[in-house]
């Protein structure tokens, strides 16, 4: 917690030193830019801190500030298949590709998204699981079938805890300072994560800020994974020898005759 | 207590894995089957990526069959001559199976092929074995000897094909053709389904060639040890999906379980042995059949086809 306070203090100092600005500016920092996976890793939590910076010339607004934080994990080609009935059996028949899709997605906001922005803005700005799931250059409108497949994709990944929507995931510490804890489950993939923070007031986007972090294997986990890829023959031989040795050892230990 | 698996990329409970592998190891030692056909689906059920499950189970099966091979070898219940022919045929079958595997994957129907093969193979083999075991048990109960279908001196036609060889240890004088064909078929099925094939080899050697059960189990374990050692190396070289941490956990449970299984096998009479193996194989087949026939609660499935895994 003291670390968190120090960060906020640092942000406030940065804020005071900043040059004069006309509209709101968003300044954000993270508790950490790297999550290290070790053998006892069971998931991790990061916190995003931010300050809404305004100066004397900033227009007074009747609406309170809203913050939406979107965290996108490493991108992969996701293949969604649907089981259909063929005679008496159920088999995968149709499939849809979702290229450049995140395997991890969290959308956190200080109140439900529907209260912050209109559906049109959500779609245009790619806010919310359904819109954020699509890569940036993809078409906005999905045909009916693809939309159904996307619903399935979101449902499955949400069940696995990889896709989350947090209606109360952002907390305002004062009217302009906020924090958002980001839960990264152990099953979240390794690689780069990008965080997109958008400030709204009265449904209008005012400022945007992006930052990032990464999930990496470290220590023993990293060495084993690297060994498997860089020295596959050695890795394979070591595994086999170890298997044979353990098998032999067991027969010696348990030998009765 | 949880441990993070470096290749599967998720944490897993140590006790769960030890318990599972111990139970499967017991079955493996008891019946002389590798146990891959049980362990692989169980690991996938625990969210381990299928490629990692198949490759890592290969390493585990190699280790736990080593224990069995040594045990049976000490008891002189292992026919190396028969085993070598089985291994050679198995290698050819594996190559053909890998070619078939890749072409089905290109067509996008690999999953269906795997499920359908599990259902047909397991229900047919399991059902036939169950029928036979029950019939034998009824005979015993009725006071008649549980006699084999063929009397001494007669032999099925396939044993009389050309290139007959003597396998003194297995009390077998038989053509090489049916034995090699069997090995090729098993290698083929093993490569496609990611299993060792012991569950087909054991009943086939017992039913088609009338080899004594104890020698069948030892020889089958020898064949499995050889194929699975090769499979582990191939997986490590081609797709890097062998998880060494998971392999160690599976081995610890597996080798200990196999010891108790091997010991329990000695106290089991032939009829119960056949009945239990039949029920086991049949239940796995039915488990896959349910998946095929029952409307799924979640019709969609997601696979990541790029990157990491």
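Tallying residues that are at the interface with another protein chain (Cβ under 7 Å from one of its Cβ atoms) and part of a helix (DSSP H, G or I) within the range A:243-257 yields 7. Which one is farthest from residue B:24 (Cα to Cα) among residues in the range B:239-262 that are within 8 Å of chain A (Cβ to nearest Cβ) and over 18 Å from the mean Cα position of the chain (by Cα)? My answer is B:240. Taking the numbered list (1) part of a strand (DSSP E or B); (2) within 14 Å of chain B (Cβ to nearest Cβ); (3) buried (at least 19 other Cβ atoms within 10 Å of the Cβ) in turn, residue A:192 passes all entries but (3).
Within the option set A:161, A:128, being under 21 Å from residue A:212 (Cα atoms) and more than 14 Å from chain B (Cβ to nearest Cβ) holds for one residue only, A:128. Residues of the range A:195-224 that are crowded, with 20+ Cβ neighbours inside 10 Å and within 14 Å of residue A:116 (Cβ to Cβ): A:197, A:198, A:199, A:200.
The set of residues in the range A:215-233 being more than 10 Å from chain B (Cβ to nearest Cβ) and farther than 16 Å from residue A:40 by Cα is empty.
Checked against the criterion of being in contact with a helix residue (DSSP H, G or I) (Cβ under 8 Å, 6 or more places away or on another chain), closer than 26 Å to residue B:181 by Cα, crowded, with 21+ Cβ neighbours inside 10 Å and at pLDDT below 80, the candidates B:93, B:32, B:89 yield just one match: B:32. For the range A:101-126, a residue qualifies if it is touching a residue at least 60 places away in the same chain (Cβ under 8 Å), surrounded by 13 or more Cβ atoms within 10 Å (Cβ to Cβ), more than 18 Å from the chain's Cα centre (by Cα) and in a loop (DSSP other than H, G, I, E, B), and exactly one does: A:117.
With respect to (1) within 12 Å of chain A (Cβ to nearest Cβ); (2) in contact (Cβ under 8 Å) with a residue 40 or more places away in the chain, the lone exception for residue B:77 is condition (1). Restricted to the range A:89-100, and to residues there that are more than 9 Å from chain B (Cβ to nearest Cβ) and either closer than 19 Å to residue A:141 by Cα or modelled with pLDDT of 90 or more (or both), the residue that is surrounded by the most Cβ atoms within 10 Å (Cβ to Cβ) is A:96. Can you pull out every residue in the range A:134-158 that is farther than 11 Å from residue A:80 by Cβ and within 12 Å of another protein chain (Cβ to nearest Cβ)? Matches in the range A:134-158: A:158 only. Can you pull out every residue in the range A:127-150 that is free of Cβ contacts under 8 Å to residues at least 24 places away in the same chain, in a helix (DSSP H, G or I) and exposed (fewer than 14 other Cβ atoms within 10 Å of the Cβ)? Answer for the range A:127-150, where residues must be free of Cβ contacts under 8 Å to residues at least 24 places away in the same chain, in a helix (DSSP H, G or I) and exposed (fewer than 14 other Cβ atoms within 10 Å of the Cβ): A:144, A:147.
The values are calculated or read from the model by the stated rules, or taken from the named source; none is laboratory data. None of the values given here were measured: they were computed from a predicted structure. Every residue, glycine among them, receives a Cβ derived from its backbone with ideal geometry; neighbour counts consider all protein chains shown.
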